[in-house]
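The values are calculated or read from the model by the stated rules, or taken from the named source; none is laboratory data. Model, not experiment: these values are computed from the prediction. Note that each Cβ is placed from the backbone with ideal geometry, even for glycine, and that neighbours are counted across all protein chains shown. What goes into the accessible areas is simple: the full protein's heavy atoms, side chains included, and nothing from ligands, DNA or RNA. Shrake-Rupley method; radii C 1.70, N 1.55, O 1.52, S 1.80 Å.
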Amino acid sequence: MSLDVSPKLLAEAEQGVVREEDFVATVRTSLPYAYDLIASLATELRDGTLEFTDNQTPPPSERERGQLLRALASDAIRGSLERHFGVALAFQNCHRVAAFRPESLTGETYARFTSVRSQVLNQSPEFRDC
């Protein structure tokens with residue numbers, strides 16, 4: 001799944017200058033499921049007192065799953081979304097994405113969520129082909 005890059009953004013990239021706001025807007029329109037999911041996690045985190053918020057609901061289709069995987073597999077996309085929403089993202093299986101407060105990255109909860117043990121415990125046969 002590729003981003004739908006406008007001719008204007010492509011021309012800017014060819015000139016060497018890409019504004020991150022323009023890139024995030026492209027991500028928003030190209031990967032709406034992923035963008036909206038991360039936006040909702042960031043809002044829930046900001047409005048609450050929990051150390052992190054996460055999604056444990058599988059995407060409605062493979063199209064949406066592909067959007068989420070694309071957003072989290074790309075360092076540029078993931079980093080832009082983290083900066084845009086002011087969160088740190090962590091990812092486990094095909095759809096379990098979590099938003100952490102950036103200051104939580106050195107804490108026990110983040111270490112536990114991103115541990116090898118947690119990765120193993122969050123596997124199941126239905127995730128084999130996702």
#### Entry: Helix-only [θ]222 nm of the chain, DSSP H runs n ≥ 4, -39500 (n - 2.57) each, per residue, nearest 500
-16000 deg cm²/dmol
### Task
Would you mind getting me the FRET efficiency between residue 105 and residue 50? Use the beta-carbon distance for r and R0 = 22 Å, nearest 0.05.
0.90
### Message
Calculate the FRET efficiency for residue 40 and residue 18 from the Cβ-Cβ distance with a Förster distance of 35 Å, rounded to the nearest 0.05.
### Response
0.85
### Query
In Å², what does the accessible area per residue of the chain work out to with a 1.4 Å probe?
59 Å²
### Message
Taking 0.36 nm per residue of sequence separation and subtracting the Cα-Cα distance, how much length would be gained by fully extending the chain between residue 119 and residue 75, in nm to one decimal?
### Response
13.8 nm
### Task
Assuming a ≥ b ≥ c are the square roots of the Cα gyration tensor eigenvalues, decide whether region 24-82 counts as rounded (a/c under 1.5), prolate (otherwise, with a/b larger than b/c) or oblate.
oblate
### Summary
Here, the chain modelled as identical Cα point scatterers in vacuum has Debye log10 I(q)/I(0) at q = 0.18 Å⁻¹ of -1.01
### Message
Given an 8 Å cut-off on Cα distances and at least 6 residues of separation, report the relative contact order of the chain as a percent.
### Response
23 percent
### Query
To the nearest 10 degrees, how steeply does helix 32-47 sit against the main Cα axis of the chain, on a 0 to 90 scale?
60 degrees
